[in-house]
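The values are calculated or read from the model by the stated rules, or taken from the named source; none is laboratory data. For clarity, every value in this text was computed on a predicted model and none was experimentally measured. Every residue, glycine among them, receives a Cβ derived from its backbone with ideal geometry; neighbour counts consider all protein chains shown. To get the accessible areas, we keep the full protein, side chains included, count just its heavy atoms, and leave off ligands, DNA and RNA. Shrake-Rupley method; radii C 1.70, N 1.55, O 1.52, S 1.80 Å.
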Amino acid sequence: MKFIDEYQDSKLARGLARKIAQRSTKTIRVMEFCGGHTHAILRYGIRQLVPKTVEMKSGPGCPVCVTATADLDKAIALAHLPDVIIATFGDMIRVPGSYSSLQQAKAKGADIRIVYSTTDAVEIAKDNPEKSVIFIGIGFETTAPTIAASILKAQREQIRNFYVLPLNKLTPPVMKVLLDSGEVKIDGIVCPGHVSVVIGSHPYEFIPRDYGVGCVISGFEPLDILLCIDRLVEQIEKGEPKVEIAYRRGVKPEGNRKALQLMEDVFEIGEANWRGIGIVPKSGLKIRAKYERFDADKAFSVSLKPPKEPKGCRCGDVIRGAATPLECRLFRKTCTPESPVGPCMVSGEGACAAHYQYGIPENLQDF
Ligand code: SF4
């Protein structure tokens, strides 16, 4: 297939869904680890297309959602420091922290700017030399190289007022944590497409080897996802779990060497705090000592009260796949996209927002 609309061909999709149904004899559960996949799966009604033997769960794939409340509280505290500009991706601004949000901080006078790329944040620093510009560095392996590039750019151009709050997270370690916990039994993993463009397929190899769980890297169109499920069903039916790439137009086994090099140069692996999961060793990226003058954690000190989770919100359970948004008592009642209680309803990649939008049949996307 050459054109993107061919990956949305409904006749081919239904044929593939029939093939999956013919193959599938065992009841299995597959989990996607990418907020983009969560939205595509719900948007195109993939859960309704696959046979009842295939249960689909969402995992910790939304970068805004997995950002721990304590880290968000730190970003809000930094925003209140004098002469500081916070630069952040849009979704973060509306996520409720323990006592406030970035949006509320902005309403009280904090200088918070929404950016669409890390380059924008560097430009803000260039334009405001008398201020300190702190970029809230959330995201997975997909955004880490761009954040690394922004630090190198600031270094090259001797921009001394640019900082990053390093909150980047790594996908394979959190997959391991979920598999180790056994809280949710997983037979197959729909591996993230964009993350895998950067890291390739090799980092998932421990999963079939140590856990007997199949891994297939998927693209984002309906046929990509159905093809991924077909491959997973075949692996599980045959009892031959392995790592496969069903997104060959985007992913190479070795990943993107240049992006990996950028990450390696600027970051080192450290622990990260995940909402709903806690501190996971070796699952985060910290700024290396040679670039520490760009590290907001080192350059600024803020005092924080103990973090509090939003009352009644089950985002932590939703992120681990231990509950669906429909099992949260606040869903569609007090928690809506206009008045979100937790990050999973704020973010464009959050499972609650996706269930809210596409849980209504007329909102499903025809293809
Ligand atoms: Fe949290 Fe709202 Fe999702 Fe419930 S519906 S888990 S309150 S974001």
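Key figures
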| read-out | value |
| --- | --- |
| In sequence order, calculated HN-Hα J values of the range 180-197 (Karplus, 6.51, -1.76, 1.60; Hz; x Gly/Pro) | 5, 5, x, 4, 10, 6, 10, 9, x, 10, 7, 6, x, x, 5, 4, 6, 4 |
| Set of aspartates and glutamates with alpha-carbon distance to LYS57 below 14 Å, sequence-local pairs under 8 removed | GLU32, GLU183, ASP187, ASP317, GLU327 |
| For ALA68, residues with placed amide H under 5 Å, excluding near neighbours | ARG275 |
| Sequence of THR334, THR88, THR27 from largest to smallest accessible area, 1.4 Å probe | THR27, THR334, THR88 |
| The range 212-251 residues near the modelled ASP9 label - backbone nitrogen below 13 Å, point 7 Å along Cα→Cβ | 223-224 |
| Å² of accessible area per residue within the chain, as computed with a 1.4 Å probe and no ligands counted | 44 |
| Surface share of carbon and sulfur [accessible, 1.4 angstrom probe, percent] for the chain | 51 |
| Whichever aspartates and glutamates have a C-alpha closer than 19 Å to that of LYS305, once near sequence neighbours (fewer than 8 apart) are set aside | ASP71, ASP73, ASP297 |
| Gyration tensor (alpha-carbon) shape descriptor, the range 218-356, a/c threshold 1.5 | oblate |
| Vicinal HN-Hα couplings computed from phi for the range 334-350 (Karplus, 6.51 cos²θ - 1.76 cosθ + 1.60; Hz; Gly/Pro x) | 7, 9, 9, x, 6, 9, x, 8, x, x, 5, 9, 7, 6, x, 9, x |
| For ALA272, net neighbour charge (Lys/Arg +1, Asp/Glu -1) across residues whose Cβ lies under 10 Å away | +1 |
| Proximal aspartates and glutamates relative to LYS258, as straight alpha-carbon distance under 19 Å, when same-chain residues fewer than 8 apart are discounted | GLU141, GLU268 |
| Antiparallel bridge percentage (DSSP; both residues within the chain; nearest 5) | 25 |
| Exposure of PHE267 as accessible area (Å², to 10), given a probe of 1.4 Å and all protein chains | 10 |
| The range 255-297: relative contact order as a whole-number percent, Cα under 8 Å and 6+ apart | 32 |
| Subset of LYS108/LYS298; LYS185/LYS333; LYS176/LYS242 violating a 19 Å alpha-carbon distance limit | LYS108/LYS298; LYS185/LYS333 |
| Helix axis angle, 10-23 relative to the chain longest principal axis, alpha carbon, degrees | 70 |
| Segment ILE114-ARG209, length gained on full extension (0.36 nm per residue, minus Cα span) | 30.0 nm |
| GNM top mover of SER100, SER303, SER201 - the chain, alpha-carbon springs below 10 Å | SER303 |
| The chain: calculated mean residue ellipticity at 222 nm from DSSP helix runs of at least 4, using -39500 (n - 2.57) | -10500 deg cm²/dmol |
| For ILE86, residues with placed amide H under 5 Å, excluding near neighbours | ASP111, ILE112, ARG113, ILE134 |
| Choice from PRO340, PRO173, PRO129 with maximal GNM fluctuation in the chain (Cα, 10 Å cutoff) | PRO129 |
| Of PRO343, PRO253, PRO63, the one that fluctuates the most in a GNM where the chain has Cα springs shorter than 10 Å | PRO253 |
| Summed residue charge, Cβ within 14 Å of MET56's Cβ, Lys/Arg positive, Asp/Glu negative | +2 |
| Global geometry of the chain, whether rounded, prolate or oblate, following the gyration tensor of its Cα atoms and the 1.5 cut on a/c | prolate |
| Cα gyration tensor, the range 170-255 - rounded (a/c under 1.5), prolate or oblate | oblate |
| Amide proton proximity set for TYR44, modelled H, under 5 Å, gap of 5+ | GLN365 |
| Relative contact order (percent, whole number), the chain, Cα cutoff 8 Å, 6+ residue spacing | 24 |
| Centroid-to-centroid separation of the range 267-293 and the range 146-194 [C-alpha atoms, Å] | 9 |
